[in-house]
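Following: one structure in C-alpha cells, then a few remarks.
Bear in mind these aren't lab numbers, they're just calculated from the coordinates by the rules spelled out. None of the values given here were measured: they were computed from a predicted structure. Here the Cβ positions follow ideal geometry from the backbone for every residue, glycine too, while neighbour counts run over all protein chains shown.
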Amino acid sequence: MLKKSLIALATGLALSTAAFAQDKIDIVFIGKNTGNPYFDSLTKGFVEACEKIACNFEFVAPATAEATSQIPFIEAQIQRGVDVIAISPNSPDALNQVFDAARAKGIIVMTVNGDITGNESHRDLTILPTDFTKVGADQVEMVGSLIGYDGEIAILSATTEAPDQNFWIKGMSEAIKDPKYAKMKLVATVYGDDQPEKSTTEMEALLSNYPDLKGVIAPTTVGVAAAAQVVQSRGIADKVKVTGLGLPSEMRDFVKDGTVEAFQLWSPYNEGWLAAHLAVDLKAGKAKNEVGSTFEVPNLGTITINEGNSINTQSSLTTFNAENIDQFDF
Amino acid sequence: MNIVRSILVRRETGIAVMIVLLCLAVGLYKPQFLTLNQLRVILLLVPLIMIVAMGQMLVLVARHVDLSVGSMLGLSAMLAGMMFRDMPYIPWPVGFVVAIGAGALLGLLNGALVTVFKLPAIIVTLGTLNLYRGLTFIVSDARQVDRQFVPSALKSMSQTSPIFGIPWIIFMALGIVLLAWWFTRHTIVGRQIFALGSNPSAAELRGVKVNQITLLVFTISGALSGLAGIMYASRWGFVNPSNTGAGFEFQVIAAVVIGGVSINGGVGTVPGVMLGVLLLGCVAAALPLLGIPGTAQGAIYGAIILVALLIDRSVRQQGIASLKMVRA
Amino acid sequence: MSTTGAPTTPAAAMHEAAPARPVWHVALVRPETMTLVLLIVAIIVASYLSPYFLDIGYILRSFTLSAEFALVALVLTMVIIAGEIDLSPASNMALSACLFAWAQASGIPMPIAIAIGLLAGLAMGALNAFMVIALQLPSIIVTIGTLTLYRGLAQIIAGDKSIRVPDWFIGIDKVMVLGIPVPVVIFIVAALVLGLILAGTIFGRQIYQIGTNEVAARYAGIRTRRIKLTLFLLIGLVSAVAGMMTASRLGSVRYDLGLGGELQMVLMAMLGGTYIFGGRGTILGTFLAAWLLVVVSTGMTVANLLPAIQLTVLGVLLIVAIIATNFIYSRTQR
Amino acid sequence: MSDSDVPLISARGISKSFAGVSVLRDVDLDLNKGEIHALLGENGAGKSTFAKILAGVHRPTRGTLSLNGQSVEIPNPLAAQRLGITLIHQEPISFPDLSVAENLVLGRGEDGWFNRVPWAEMTREARRQMDQLGVAIDVTRPMRGLSIADQQMVEIGRALASDSRLIIMDEPTAPLTPREVETLFGIARRLRDEGRTIIFISHRLEEVRALCDRVTIFRDGNKISTDPIDSLNDADIIRLMIGRPLKEYMHKHNASIGEVALEVEGLTLPGRFQDISFKVRRGEIVGLGGLVGAGRTEVACAIFGIQPAERGVVRVNGAPVDIRQPHDAIAHGLAFVPEDRAVSGIFRTLSVEQNITAAVPGKIAPRGFIRRAIEKLLAADSVKKLRIRLASVRQPIGELSGGNQQKAILARWLLADPNILILDEPTRGIDIGVKAEFYDIIGELAEQGRAILLISSELPELLALCDRILVMAEGRLTAEIPRAEATQEKVMQAAVPRIQQQAAA
C-alpha cells in the first residue's frame, strides 16, 4: 500500500515536472529592426511578464527594417517550433505567405504595435497600444490647446505609405472639421521618411514655406525629435509649437528646456506585458481568441478582444509634459 | 586673357556656376530659398559630408576608394556615445579622442588589408562596410545612445558659438577644408599622393613610399569619419547602431566625384570637392521646398554619380588621346 | 670572347619551361576545395549550434529565400570572370519587379506585364553595358551609380507602398518538384546549364580569355565587346527573372525588394573562388558558395544569434575569401 | 684626396637573370669621371639591364658595384638618386596630372612628409633649368599633353636639377628634333666638362661618334669590349655587336613571289600615320623599319582592325575589304603577331593548348561545344612542328620561356592558316638560338606562298630576311628599298626624319 502510493507519488512528481516543463510556452518577439529604442521598452514588458508566468521569451530582429528582412527569422522560429510569434511587421503584405506557414504549424501569430492592414486574415490577432481611431482627434486637440486654437498647422509624418500614420492623419483631417477648430487650418502634410536628416530638411522647408505656421504635429518618434531640434536651433519655440508622438527618452531634454511643452504616446511596456499574458492564457485555454471575449491581465484589468481580433492596451494616449516626464523610464 | 580662360575652364568654376544657377532657379520659384535662413539650413546640412568627403577625396586621388566611411562613422560615434552614457565621469571632450582614434584605427585596418594583401580597395571596404556595421551592433548590444546621454555642450556645438552665433560645426568643417587644402597643396606628402595616383609605377621608381601613403590616406579617411561620427552625435543628439552613417558612402562619393575628383586617381582639388558638397546640400535643401518627394532623392544621387562620371570621362579623353599619341 | 651566349646550354634548357604539376595538385589545390570544406564545417557547426538546423526540408526552404540572389550570382560569376563587375542586379530586381507589378496593377494583361518587367531588366543591363563598353568607364563605379539610380527609380515608381500581384502568381516557392521548391530547382538547372556553357563552349572559353587578358583576346580575334554585352544583357535579364521570382514568393512588390542583395551576390562569387581581377572561377564554386552562405546565415538565425553577428561574419567571410583565393592562385601560378 | 683617377663607378662580375633566364653575365666595367660613355648592342644585348642596375631599378643577381672606390648597394631608385645617379628612361616616366615643375623635383628624396612644398622656389628653379636647356615650356602647366620630346627635356632637366654625378640616358634622342639633339649634346658636353659622367645608350652610330669618348659593346648579355671611340670604325662596331658575319647568322629563303596579297592605299589615322601605301605579294617578305614611335605598329594595328584607320583602302587579294575589328581581319586570312607578347599576346594563366587554339574557335568547337580531343590534337601538332619546349600542353603558358611563348603565339596564327602574316618585332626578348629558329620558320612560311609583313627594329634582321624594306618616320613612309640596295645606312637615313629632310632640302 505504502509502496504503491510511493510509486504513485513518484510518477505523479515526474508527471507534474514534465507537465510543468510543457506548460512553459515559447514566445518570440520579432522587432522591426535592431537598435530601435522603441522596442527596448516593449521587450522589457515581455521579459518581466515571463519572469512571473510560464513562458520563455526571446527577442530577435533583422538588421534593417526592410520589407522582407523578417522572413528568415519567422522561418527559423517555425523550425524551432515556438508556440507564439509576436511581431511588429515591416510590411503589410510581404509576410502573408510565411504567416500562413506558421499558423499551419499551430503557432499563434500576433502582430504587436502595428497591424498588417488589409491582410488581417493572415494573422491571429493584433495588439495595438491604443485605439487608433482616436489618435488623430487627440493630437489635433493637443496642438489646438498649445496654439490657442488659432493658426496654421502642419503635419510631419514618417513615410508616405506608413499605414498607421496615414490612418491617424485621416483622423486628424476629420477632427479638424469640428467647429471648435474653425480658426485652425491644416496647410501641409510632409514626409521625413523616419530619417533625422530628411525630417529636418522637411521641417526647415515647412518653416520657410509657411512663415505663419503656429503648430506642427509629428506623429512619429523620429519626426517629432527632428522637428523639436529645428525649432530649438532656430530659437522659435514660442512661435511654433511642436507636438506629436514621441519617446520620453528622446524628448526629455526638449521638454525640460521648453522647446516642447507636451507630446503624447502610450506605454510600449504594457504592449509586451499584455502580449505575454495573452499568449500564455490562449495556450492554456484560459482565454479565447474570439471577438467580444475577455480576459484578465494583472495591472491592466479586464481586456476585451475587439472587432477584427484587435486589442488595445490603453484606451487613450498618455500626455507627457514637464511635470510628469521624469516618472517614465523609457 | 589667359588667366580668364584658365579660370573659365576650371572644374570649380563649372560647379560654382551650377550652384548659382540652381539657387537662382529655385529662388525664382520660391523666393524664400534665397534667404539667410536658408543659407543656414544648407550650411548645417553639409558639415558631416564635407568632413568625410575630404578624406574620401584623398583616397580617390590615390586610386582607391573607401566604401566603409558610413560604417566607420557609425562605429566611432557609437564608441564615443557609449563613453558618454556609461562613463559620464570622463570629461566629454575625450569623446573626440575616442571617435577620431577609433576611426583612424578602422581606416588603418582598411589600408593594411589593401597594402599587405594587395586587394582591391573597393572589395575590402565593401567587406569592412558590413564588418564595422556588425561590430557597431555588437559593441552597443544593438541599443541606441539616447539624447539625454549626449553632453549638452557637445550638442550646442551644432547650434551656436560666440562668433555671430554661427554654430561651431560649420567652423569645424571649414577648418577641415582649409587643413585639407593646405595638406594637398603645400606638403610634400600631399603632393606625393597626387603623384602616386597619377602614375603608381613611376611613383615607386621615384621613391614615393607607396605603401605608407596608402596606409595614410585610409587612416585619414577613417579619422575624419570618426570626427564626423562625434559631430553626428552633436548634430542629431543621439547615436543609433543601424541608422547612424548608413548609406553615407553614396552621398560622399557623389559629392566628391561631382567635385571633379577623378576615379582614375591623380586629379582633384579641395575647392572642387567643397563646391561639390555644397551643390549636393543645395539640392537636398531645395527638394522639400519645391515639394518634390524625398523618394526621388536616391535616383537623383545615382544620376549625379553617372553624370559626373561622364564629365570626368570627356575631360579625361582629351588627355588620354594626347598620351596615346606619344606612346604605342 | 669565347663565352658568347651559346643559346641552349643544358642549364638554359631547364629554364625553357617549368615542370608540370602533379594531377592531385591541380585537382585539389583550388578555391572550390576550400569552399567545399567550409561548407562541411559550416553544416557541422550549425548542427551543433542548434538542434533544429539539420532538416533538409528546412534548409531547402531557407535556400528559397536566397535562391534569387544565388541565381543572379551564377551570372555575376561569369561577368567577374570576364573582368567586369555588376553591383546593380539587386536594384535591377527591384525596378523590374516594380515595373511589372505596376503594369499589371494598372490593368495591363499579365503576359505583357511580365514582358515589360523582363525588357526593363534587359534595358538596365544594356545601360550598364553602354557605359562600360562604349564609354569605357570602369564597371565598378558605373554600377555603383546605377545601383543607386535603379533603386531610386523603383522608389519613384512605387513610392513606398507595396503593390500586390494576382493570387495565381503567388507562391512559386511553395510549388515542389520531387520535393524540392521550384526556385531551388531553377537555381540547380541554371547552374548546370551555365556551368556547361562556361566550361564547355567557345563562348565560355572566351569569357576566361577576355578576363585573363582583354587586349590579347582582342588581338586573337575574339569579339570582346559582343561577349561583354551578352553578359551584361544576360545578367540584366536574369535579374529581372529573379525579381519576378521574389515577387511571386512575397506576393507583393516594394521598392526595397532585394535591398543589399549585391553584397550577397558578390560574396557568393568570391567565396566560390572567383578571382576578383577576372580570368578565374567556376560555376561549381559559386554553386557551393551559395549553399555555404545559406547554411551560415540560416544556422545563425535558427540559433537566434544577433543579426549583428551575421553582418560581421559576412564581412569577415568576404575579406577572408578574397585573401584565400588570391593566395591559392598565387601558389598555383608561377 | 685627389681621386680623379679612381673610376666613378666600378662594376665587377655583374650578373642578372629574370626567372632563371640569364640576361647579363659577369660584366666588369669602369666608368671614369668626366667621360661620356656609350653602351652599344642589339636589342636584348643587356645594355639597358646594366643601366637599370646602376639606377637601382633592378638588383644584380651577382656582382659588386663601387662608387669612388667604395663598395655600394643600390637597392632602389631612391638610393641611386641619393648617390647622384639618375636614369632618364627610354619612355619618359612622368606624372601627367602634376605640373612640369613638380615633375622636375619629385623623387629627389625630400625628407619629411609634412615639410612645406616650396612652390615659388620650385617654379623659379624649374624655369632656370628649362632656360638652360633652351626649351620654352610653361613649368606651371600639367605634364599631360606635353609632346614626348618636351617630356624628354623635362626628364633631362630633372637629372640636371638633382645635381647628379652619373646621368644615364637610354636612347634619349629618338623623339628629338636635330636642333634639340644639338642642344642636348651641348648640355651633355658641358656636364662632362664639369666632371660628371654620362652613359649614353643609342643605336645611332653617328651620334655615338659625335658625342662619346669611350664605347662599350654588349652582346647576348656579355660585355664584349670597351674601347675609345676613335679606335673603332663603324664596321668594327657592327661586327662586335653582331658577333659573326651576317650571312652565317641568317639565311635567305628562296620562295617564288606571286600576286599581290595585301595592298594598302592612302591609309591615314590623324596623329598616328599619314598616307601609307604599299603592297605585299605572296611569298614575299616585306620589312617595315623605322625608329620606335615612327608609327609602324599603328599601321599594323590599323590593317588588322585593332584601331582602324580613318581614311584609306585595304585590299586583300585585289578586293577592297572593310576591317573594323580583328575578327574581320582573320576572316580575310590575315594574322598578326603583336609586339608586346605579355600585353597583347598570351593568356598568362591559361593552358598552352588554350593559347594555341584561341584564334580558331571554329576548328575546336564545330558546334559551339569544345571537342577536347581535337583541341589536344591541334595543340600537340603545333608543339611538334614549331618545336615548342614544354612539360605539358595543359600547363599555364606563363610557365614557359619567352621564346616558347612566342612560338605558341605563332602557332596560334598558323592554325588559322593565314595568307597574310604581319609580324611585329617577333624576335624581341628571345634567346639567340630560338631567334635563328624563328628566321627559319619565317622563311618557310614565305616559301609556302604566304605574304609576310615584318616589323623590326633590328636592322640586320631586316636586311637578311626581307625582299623589300619599307621605312617609316614620323608616321610617313619615307623609303622603299629593294633587297639588293639595302644597307644599314640607307635604312637608318630614311628612318631619321630630320636627316631626310635636310638631305631633301
Peptide C:195-208 - average C-beta neighbours from other chains (10 Å radius): 3
Average beta carbon contacts from partner chains per residue of A:241-249, 10 Å cutoff: 1
Relative exposure of B:Trp181, C:Trp24, judged by other C-beta atoms within 10 Å (fewest first): C:Trp24, B:Trp181
Cross-link partners of C:Lys174 among lysines (Cα-Cα below 21 Å; sequence separation of 8 or more within a chain): A:Lys105
Anchor C:Lys228: aspartates and glutamates whose Cα lies under 12 Å away (excluding residues fewer than 8 positions away in-chain): C:Glu84, C:Asp86, C:Glu214
Environment charge of B:Thr160, counting only residues whose C-beta is closer than 12 Å and scoring Lys/Arg +1, Asp/Glu -1: +3
Dipole magnitude of region B:52-247, debye to nearest 20 (Cβ charges: Lys/Arg +1, Asp/Glu -1, about Cα centre): 300 debye
C-alpha long axis of helix D:432-447 to longest principal axis of chain D, angle in °: 40 degrees
Computed over chain D: relative contact order in percent, which uses C-alpha pairs under 8 Å that are six or more apart: 15 percent
Expected 222 nm ellipticity per residue - DSSP helices of 4 or more, -39500 (n - 2.57), all of chain B, to 500: -24500 deg cm²/dmol
Relative contact order of region A:132-265, defined on C-alpha pairs under 8 angstrom at six or more residues apart (%): 27 percent
Between helix C:139-158 and chain C: long-axis angle, C-alpha atoms, 0 to 90°, nearest 10: 0 degrees
Span from the region B:175-246 Cα centroid across to the region B:48-101 one, whole angstrom: 12 Å
Cα gyration tensor category, rounded, prolate or oblate, for region C:56-331 with a/c compared to 1.5: oblate
Proximal lysines to A:Lys24, defined as alpha-carbon separation beneath 16 angstrom and excluding residues fewer than eight positions away on the same chain: A:Lys52, A:Lys283, A:Lys286
Exposure proxy ranking, count of Cβ atoms within 10 Å, fewest first, for C:Trp168, D:Trp113: C:Trp168, D:Trp113
Nearest-ten-degree value, helix D:402-415 long axis tilted from longest Cα axis of chain D: 30 degrees
Amide hydrogen neighbours beyond the local backbone of D:Ala261, cut-off 5 Å, H modeled: D:Val280, D:Arg281, D:Arg282
Given A:Lys32/A:Lys256; D:Lys47/D:Lys223; D:Lys16/D:Lys47; D:Lys385/D:Lys407, the pairs whose alpha carbons are separated by over 18 Å: A:Lys32/A:Lys256
Burial ranking of peptide ranges D:488-494, A:90-96, C:239-245 (average Cβ count within 10 Å, highest at the top): C:239-245, A:90-96, D:488-494
Rounded if a/c under 1.5, otherwise prolate or oblate - region A:132-265, Cα gyration tensor axes: rounded
Qualifying trypsin sites (Lys or Arg not before Pro) for region A:235-303 [loop in DSSP, other Cβ within 10 Å: at most 16]: A:Lys239, A:Lys286, A:Lys288
Cysteines (scope the protein assembly as shown) whose Cβ has no counterpart Cys Cβ under 4.7 Å: B:Cys23, B:Cys282, C:Cys98, D:Cys212, D:Cys301, D:Cys466
Euclidean distance of C-alpha centroids, region D:404-477 and region D:333-397, integer Å: 19 Å
Net charge of neighbours whose Cβ lies under 12 Å from the Cβ of B:Leu106, counting Lys and Arg as +1 and Asp and Glu as -1: 0
For residues of B:113-119, the mean tally of beta carbons on other chains within 10 Å: 3
Too-long pairs where the Cα-Cα distance tops 22 Å, listed order kept, from A:Lys177/A:Lys239; A:Lys170/A:Lys214; A:Lys177/A:Lys214: A:Lys177/A:Lys239
Separation between Cα centres of region A:161-182 and region C:67-112, rounded to whole Å: 40 Å
Highest average packing first - A:114-121, B:252-259, Cβ atoms within 10 Å: B:252-259, A:114-121
For chain A: relative contact order, % (alpha-carbon pairs under 8 angstrom, 6 or more apart): 18 percent
Residue-wise HN-Hα coupling along region A:114-128, computed from phi with Karplus coefficients 6.51, -1.76, 1.60 (Hz; x: Gly, Pro): x, 10, 9, 4, x, 10, 4, 5, 8, 10, 7, 7, 10, 10, 10
For peptides B:137-147, D:224-234, A:212-222, sequence by mean Cβ density within 10 Å, most packed first: A:212-222, B:137-147, D:224-234
